[in-house]
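Here, each number is a calculation from the coordinates, and none is a lab measurement. Keep in mind that this is a model prediction, so the values were computed, not measured. No Cβ is skipped: glycine too gets one built from the backbone with ideal geometry, and neighbour counts run over all protein chains shown.
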Amino acid sequence: MRSAASVERLSKRYGSVRAVEDVSFTIETGEVFGIVGPNGAGKTTILECIEGLRRPDEGRVRVLGLDPWCERYALRERIGVQLQTAALPERIRVGEAVTLFADLYRRRGDPEAALRRVGLADRRGAAVAHLSGGQRQRLFIALALVHEPEVVFLDELTTGLDPQGRRDAWDLVRDIRERGATVVLTTHFMEEAERLCDRVAIFDLGRVVALDTVGRLIASLGEERRVAFTHIGALDDAAVRALPGVVRVERLGDRVVVSVRGAGTAGRVTTALEETGVAFDDLRVERPTLEDVFLARTGARLPGADAPEA
Amino acid sequence: MRAFRSLAWLFAKLALRDPTSVFFSLALAPALVVLFGLAFRDAPVALQNGIGAMDHQLPAIAAWVFAMTGLFTVPITVLTRRETGTLRRLQATPLRPATYLAADVLVQLTQALAGLGLLFAVGVIGFGARPTGAPVSILAAALLGALAFLALGYSLAAVLPSSRSTLIVGNLLAVPMLFLSGATAPLEVMPQGVRDVAAFNPLLHAVTLLRGAWNGEPCSSLVIEVAAVVALFVAAALVAVARFRWEV
């Protein structure tokens, strides 16, 4: 399969601040590619270099075979962009916005169809300023899709949305993928990346620290499971840590998270805990998530986790 | 071309929806004419070879409205779009800066000329103003003046960092420009030093040009004024295009 975009040894600085440092990756046609990482990791910078909105200091970027900076007008005909911070002219209405954007492209799409696709057909006459956060974000998706682009870029699509708005946005991303377009999205929600992305590049401090399919990234942590519970009464951390298969013990107030490795270890730890006679509550055994991969690869710890690693 | 038409049509609709924009471009100038007309009627102005007060002041008010559009309306509109991220969103489409500017200029120009039409209509119908110049000359002078001050507005928008700074810079420029334009106090009564400074005031030249065209002065006597207004247009347009920015 021909790749939709490639980034080779890209670097970008703002003054003395290194936003992106020597980054390389390839985005395959038809996949949902996630650029994830904490705020300030360089996600938006890298996205804007691929979109042709920023000029890289070093490195080579190709999108659909084009140089995003030198051939930006040719490229912009074929990509759809949703920006992290964007606005529309004051007093514009929903239908006017999507019609205007359809008119800006050589391949004029169907503004009505774009509105239907994001569920805003009945809000055509509404002032954009009066839309809810979720509706507004759906409108910006419609503006990115109206000309039926080959690659769609979504920057922090769901930041600031309520749970329902987030789910609606996720459905739209899956819909874009099903129609055959390539999707490149940035997010700092690991859950979102886990649910939407075929492959994920984890960024930290301007560098790629991990890149693979979500499944393989999680599997890379090994057979790690977490036994989480709230205890009532005294609990000796050292005794828990000494149990076979326990990798580390973390505490968040009364909540204890015991990371274990090895088949059947989770069950044995639970039994051992019961035998200590400590009363505990809300016991859960969790498999690792992308968030754990992120924490493991960046060396970051959960905020509030004050227990040292075993 | 489709992008240009769509953008211009949209900007026109948005301008008409904005009460502030409608007030400043269409209502303010005719209101000033009414006030001035009620105060002075059509008394001849002693200093100005017997030209009626309204025929003397009407073109000056027109030039003043152009200056206000250039110093405030245009830079605030452009900078607000830049600050909110509206321009950035447009930048991510195949839209060329020149197409965007052309559509925006067309709408601003149409608005300025519509305001001018209303202004002249109120002066002529309501207060007996009588242009003696050829309509073509008046229109040409008005078009030139409007374009020059619009260009000034786009150059300010390109150079200034924020819409807040526009208010400060606009006021700093507007007060001396207005005072030294001959539209408020006649320059003839001012000391030579002040008149020397006023010679660099584009608004003075725009006022003189529009007055001359309105009152039928021959083109040959307005060469300096035409040159000054064209110079403002060229210089400002160059800055506006060279320094155009989509983002903050």
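Points to keep in mind about this one:
- Label separation (A:TRP170 vs A:ALA272): 3.5 nm, computed from points 7 Å beyond Cα along the C-beta direction.
- If you run the Gaussian network model on chain A, springs between alpha carbon atoms under 10 Å, then out of A:ALA219, A:ALA87, A:ALA193 the most flexible one is A:ALA87.
- The distance between label points at B:VAL241 and B:LEU118 comes to 3.2 nm (points 7 Å beyond Cα on the Cα→Cβ vector).
- ³J(HN,Hα), Karplus 6.51/-1.76/1.60, whole Hz, each residue of region A:220-226, x for Gly, Pro: 5, 7, x, 7, 6, 10, 10
- Cα-based Rg of the protein assembly as shown normalised by 2.2 N^0.38 Å, two decimals: 1.33
- Amide H contacts of A:ALA4 (H built 1.01 Å from N, under 5 Å, at least 5 apart or other chain): A:ILE27, A:GLU28, A:THR29
- Once the Cα-Cα distance is subtracted from the 0.36 nm per residue extended length, the A:THR85 to A:THR213 segment shows a gain of 43.2 nm.
- Positive-end residue, chain B charge dipole about Cα centroid, Cβ charges, pick of B:ILE61, B:LEU144, B:VAL189: B:LEU144
- Of all DSSP beta bridges in the protein assembly as shown, antiparallel share, percent nearest 5: 70
- 3J(HN,Hα) along region A:25-31: 6, 10, 10, 7, 5, x, 9 Hz, from the Karplus curve 6.51 cos²θ - 1.76 cosθ + 1.60 with θ = phi - 60°, whole Hz, x for Gly and Pro.
- GNM flexibility winner over chain B from B:ILE61, B:ILE125, B:ILE76 (Cα, springs under 10 Å): B:ILE125
- Of all DSSP beta bridges confined to region A:3-218, the antiparallel ones make up roughly 55%.
- Listed by Cβ neighbour count within 10 Å, with the fewest neighbours leading, A:THR29, A:THR186 appear as A:THR29, A:THR186.
- Per DSSP, loop chymotrypsin sites (Phe, Trp or Tyr not before Pro) in region B:189-233 with at most 16 further Cβ within 10 Å: B:PHE200
- Simple label model, 7 Å out from Cα along Cβ direction - A:SER6 to A:ASP122, nm: 4.9
- Modelled FRET efficiency - R0 25 Å, A:ASP281 with A:GLU223, Cβ distances, 0.05 increments: 0.45
- For chain A: rounded, prolate or oblate by the Cα gyration tensor [a/c cutoff 1.5]: prolate
- Choice from A:ALA210, A:ALA142, A:ALA234 with maximal GNM fluctuation in chain A (Cα, 10 Å cutoff): A:ALA234
- Among the trypsin sites (Lys or Arg not before Pro) in region A:117-218, those located in a DSSP loop and surrounded by at most 14 other Cβ atoms within 10 Å of their own Cβ are A:ARG179.
- Dipole moment magnitude, nearest 20 debye, region A:88-212 about Cα centre, only Lys, Arg, Asp, Glu C-beta charged: 400
- Per the Cα gyration tensor, region B:130-248 maps to an equivalent ellipsoid with semi-axes of 27, 19, 11 Å, ordered largest to smallest.
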